[in-house]
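Taken together, the values in this text are just the output of simple stated rules run on the coordinates, not laboratory data. All of these numbers come straight from a predicted model, not from anything done at the bench. Here the Cβ positions follow ideal geometry from the backbone for every residue, glycine too, while neighbour counts run over all protein chains shown.
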Amino acid sequence: DVKVTQSSRYLVKRTGEKVFLECVQDMDHENMFWYRQDPGLGLRLIYFSYDVKMKEKGDIPEGYSVSREKKERFSLILESASTNQTSMYLCASRVYTGELFFGEGSRLTVL
Amino acid sequence: AQSVTQLGSHVSVSEGALVLLRCNYSSSVPPYLFWYVQYPNKGLQLLLKYTSAATLVKGINGFEAEFKKSETSFHLTKPSAHMSDAAEYFCAVSGSGGSYIPTFGRGTSLIVHP
């Protein structure tokens, strides 16, 4: 079975802190994604990566950056966390047949 | 550009009743269509997908969906709801080739009453 692991399930940070959200997949998938999930807004794409060191902005990249130094790992970085970044963050990897495999999510609260 | 519309943010049914969750899409290329389910405090998992084979697609847990090109719809159904079906359901579309980035609907919360 494909496994996508997000390192932190719950985080509480203060405004202005730097936040790292880590995601690791174990199936050698080329494509990986970071989504943000908010009630009533569904999933919104922050960034995606189609290969190592390759990244593309999604629909809401402002305030975020990403890093993909190894194929299995895709990190989301909040350089200076703000309260409006309080949300559920979902990482996913994509198989060649199109479907996504998701991690269990990282719920971030910024105080 | 592609988009997904899920009609109804909440759907409430009684246990044993028919489940119908609606999804309409727009896509400039032949689409791949997906339904995902999210249980509380979990990530999304794939229920079923349409990739231009049979128009009626069967998924896990007794769910199925029918692709209707003329209506640009991909509604999700289950003949008899179970309490364990209570969850958030997301419809998603992606194109083939270069437009493969999936776009998700806003989700429909399924509530099952005993």
Within the set B:62, B:95, B:43, GNM on chain B using Cα springs under 10 Å gives the largest fluctuation to B:43
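Could you tell me what a quarter of the Cα convex hull surface of the range B:12-55 works out to, in nm² with one decimal place?
Details: hull surface 19.2 nm².
Averaged projected area of the range B:12-55's Cα convex hull equals 4.8 nm².
Quick check of the Kirkwood formula: for the range A:43-111, what is the inverse mean of 1/r over all pairs of different Cα atoms, in Å? Intermediate values should be presented prior to the final figure.
Numbers: mean 1/r = 0.0771 Å⁻¹.
Result for the range A:43-111, one decimal place: 13.0 Å.
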Note: the protein assembly as shown, point scatterers on Cα, Debye, no solvent; log10 I/I(0) at q = 0.08 Å⁻¹ equals -0.29
Once the in-chain neighbours fewer than 8 apart are removed, the aspartates and glutamates whose Cα is under 15 Å from residue A:70 read A:22, A:26, A:28, A:30, A:51
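So what is Rg over Rh here for chain B, counting just Cα atoms and using Kirkwood for Rh? Don't skip to the answer; put the middle values down first.
Working: Rg = 13.5 Å, Rh = 14.1 Å.
Taking Rh as the inverse mean 1/r over Cα pairs, Rg/Rh reads 0.96.
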Between the modelled labels at residue A:9 and residue B:80 (7 Å from Cα along Cα→Cβ) the distance in nm is 3.4
